[in-house]
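What follows is calculated from the coordinates using simple rules that are stated; it is not laboratory data. The model shown is predicted, which means the values in this text are computed figures rather than measured ones. All Cβ positions, glycine included, derive from the backbone under ideal geometry; neighbour counts span all protein chains shown.
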Amino acid sequence: MLRSCVVLTVVATLTVAMAGAPRPASAQAGEEQLRRELDTLKEQLRRVEQQMKQQEEVIRRLSPAPPPPAPAAPPVVTAPRPAPGVAPPGVAVTPDVEELKRMILAEIQPQLSAANRTFPSQFNPAIGFIVDTVFSHSRQQKSNFEFRSAEIGISASIDPFARAYGIINGTSDDVEVEEAAIVTTSLPWNLTVKGGRFFADFGRLSTFHDHDLPFVNRPLVLDEYVGGESQGDGVELNWLVPIPHYVSLTAGMYNKIGAENDRVDNGVSRDVSEFTYLLRGSTSFNLHDEHSLDVGFSDAYTPEVRIENKKGRNLAGIDFTYRYTPLASASYRGFVWGNELLLNHEHRETSPGNGDFKLNNAFGMYSYIEARLTRRFYPGFLFEYVEDVDNKNFMTKKYSPYLTFWVSEFQRLRLQYTHTDGGPGPDRSDDGFFLQWTAVIGSHVHSFRDR
Amino acid sequence: MTRRLFLLLLAVVALVPADAGAAKKLRVVATIPDLADMTRQVGGDAVDVSSIATGVEDIHAVPMKPSFAVVLNRADALVLLGLEAEHAFLPALLEASRNPKIQRDTPGYIDCSVYVQPEEVPTRLDRSLGDVHPMGNPHFNLDPGQARHIVRAIVEGLSRLDPGNAATFKKNGDAYLAKVEEAMTRWQQEAAPLKGKKFVSYHPDFIYFAERFGMVQVGTIEIRPGVDPTPSHVADLIERMRQTKTDVVIREKHYPASLAETVAKSAGAKLVELPTMAGGQPETKTYIGFVDYNIRTLVKAVTGG
């Protein structure tokens, strides 16, 4: 439009100039003069056109992108994002260009203001919502629709120095704050400090939420020894060791570790000797581009377990996970072999209420393999072996083949069969079927911890 | 116990390589080999560049290895495609890297999409549309016409971090773009048989390439971006391909072969396997080699060569 106006103006000027030119004394001299003037005007026209082209380029770059054809709703269009004050390549920044920029910005100011009004909402945290429900049937436990959890996760930066996140979990029994923590983001020397309620850095699958586990139920050894998820109220310091190889070291101090660990009351004050202290080291080896091995060691030590017997407890574990991830087909081929071995060293009452305590070293483990056959089907097998924390001669073994069907990245169905040997009750074996349906809406982050 | 721990920490710290005195090069990590190649061209001897992906991966599913966190931890700059292309691995790796120099909106965070006009910007954000990218289709690296925007972002990014070499970066960038321009003239001629050819790809990642060389996308094997197809979608797609006389099915090399083969065979179209990044094939180590390969392979398919 602007370009057309200028071209018309120049053509009009040219016509007027031709019409208004003084008649020369001789026709030949007049023709020569006219030709020279025409050439001059042509050159002027060329320059104006060139300038207009450059200005059009500037306008194009400063304008929002055109909407896609025939949109069903007002388009969410991303405007190009030139750096402030930086001119496009090949375009000299002249006062005219600056003036043009100012004019265009003034023109689009109402739209910018309208957009700016929505900016405060951008400070809202990212929010995700996860539904996890399981139908189960077993010989001993009968059948049940278990509304396992409806979990809301929120996270955002607090300021340049820290971020915060929270996981609020509603089950059929209650609603609880599963995690609510502050994590530093700008400490020197590769350090981070985490404080609040969070999953302590103990082992591997203890730090996974139920819906993120590779199988339906949390391994028995984690339920019995850790107390389910490794939830703890406390503080944790983590150091990414500044060497070319990945080594992560964690030290932590908590009221207790384990959401369902009932050895200690979470809500009372205690002596320093009654906190639980954690040390963890983990590393990873790239055996090849497509093969890797993650190895970790964890130790949670409580000098005095107050509610039970004032004697100490030590829970040590090693975990190792082998992964085969073919780079060119990672989304539909792969293999994982995950293992955790735990040793619980604790004085336990020989029979409930008799006040007679005996040192018991109980060992438990799980091992699972999972194959990625297509983008949707992930079959796997889980084996568990757990010695009872009160009597190591009383052991439980579980065998669980399972099949996960990913409807999409955000929805999953899982069928699992579990055969149990050595469970509680007079009939010490059981067979159970589980069908799990899990879905996530809203913000969804692929976290490093859950990889 | 405490003394042993202290000695252990001391030993670990002693292992930290001391690079004081060495020629100070910018340590740059690029997310994909295309960007690594361009950064090497622009940065020359002033940069030391590595790439997270090797080129054979799906950019939306690059495995998150702990070793990447270490590489990023030591980086001065991160060069990424942007438009959330790396959403599956980069945000978590950035957090794990503990490196404040390369976090979002810092000078070391070089987003190569800043000057790109995005295609397929969604009119609505909803997961029923699949794994949509809110800022638009991020696969612009397949279109060599975008190289000037990418190189410009890299030149500006490196110049922010090393102003003393800004003139060199500009000169190197211009020289590289001249090479791309020269190749572009050749590509436009070579790709002439692609004009008007109809194609189906597994994922919508050939949008920018198609627009550049005049190809027409009929559909995708995925029912929605990132969502595997249902049998009815495949049947509908094959029918549409027959009706529109679709010429080519592009299987990006990181997607399963069997379904793409079935679709191509059923619809009477040629099947072509193409990389979506430099390094996806042995002969595509450089960005120019990558574009060369894709054009040559497609032209061969549509001309029956």
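See the values below:
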read-out: Loop-located trypsin sites (Lys or Arg not before Pro) in segment B:136-202 whose Cβ has at most 16 other Cβ within 10 Å (DSSP); value: B:195
read-out: Two-site FRET efficiency, residue A:289 against residue B:216, from Cβ-Cβ distance with R₀ of 30 Å, rounded to 0.05; value: 0.20
read-out: Nearest-20 debye value, segment A:343-388 charge dipole, Cβ charges on Lys, Arg, Asp, Glu; value: 480 debye
read-out: Under 25 Å from the Cα of residue A:194 - lysines, other chains or at least 8 residues apart; value: A:256, B:65, B:101
read-out: Cβ-derived FRET efficiency at R0 45 Å, residue A:182 paired with residue B:24, nearest 0.05; value: 0.80
read-out: Within straight-line cross-link reach of residue B:170, aspartates and glutamates at Cα separation under 15 Å, skipping those fewer than 8 residues along the same chain; value: B:45, B:156, B:162
read-out: Label-point gap, in nm, between residue B:188 and residue B:160 - each point 7 angstrom along Cα→Cβ; value: 3.3 nm
read-out: Under the Karplus curve 6.51 cos²θ - 1.76 cosθ + 1.60, θ = phi - 60°, whole-Hz ³J(HN,Hα) for segment A:336-346, x wherever Gly or Pro sits; value: 10, 10, x, 9, 9, 10, 10, 10, 9, 10, 7
read-out: Karplus (6.51, -1.76, 1.60) ³J(HN,Hα), θ = phi - 60°, over segment B:246-257, in Hz, Gly and Pro reported as x; value: 5, 7, 9, 10, 9, 9, 5, 5, 9, 9, x, 7
read-out: Cα-based helix-to-principal-axis angle, B:231-244 vs chain B, degrees rounded to 10; value: 60 degrees
read-out: By average C-beta atoms within 10 angstrom, highest first, the peptides A:269-277, B:42-50; value: B:42-50, A:269-277
read-out: Cβ-derived FRET efficiency at R0 35 Å, residue A:335 paired with residue B:236, nearest 0.05; value: 0.55
read-out: Stretch gain in nm, segment residue A:237-residue A:435, where the contour uses 0.36 nm per residue and the Cα spacing is subtracted; value: 67.4 nm
read-out: Among B:161, B:218, B:175 the positive-end extreme of the charge dipole of segment B:144-230 (Cβ point charges); value: B:175
read-out: Gained length - residue A:403 relative to residue A:96, 0.36 nm times residue gap less alpha-carbon distance; value: 103.8 nm
read-out: Cα→Cβ-extended label distance, 7 Å offset, between residue A:46 and residue A:415, nm; value: 7.8 nm
read-out: Cα-Cα over 30 Å, subset of A:53/B:179; A:101/B:25; B:245/B:285; B:197/B:253; A:101/B:171; B:171/B:253; value: A:101/B:25; B:245/B:285; B:171/B:253
read-out: Extension reserve of the residue A:260-residue A:104 stretch, reckoned as 0.36 nm per residue once the Cα distance is removed; value: 49.9 nm
read-out: Nitroxide proxy distance, nm - points 7 Å out along Cα→Cβ at residue A:35 and residue A:268; value: 11.2 nm
read-out: For chain B, size of Cβ-based charge dipole, Lys and Arg +1, Asp and Glu -1, in debye; value: 420 debye
read-out: Residues A:246, A:399, sorted so that the one with the fewest Cβ neighbours within 10 Å comes first; value: A:399, A:246
read-out: 5 angstrom amide H check on residue A:334, placed H, neighbours 5+ away; value: A:372
read-out: Note, ³J(HN,Hα) from phi for segment A:366-382, Karplus 6.51, -1.76, 1.60, rounded to Hz, x at Gly and Pro; value: 9, 8, 9, 10, 9, 10, 10, 8, 9, 5, 10, 9, 10, x, x, 9, 10
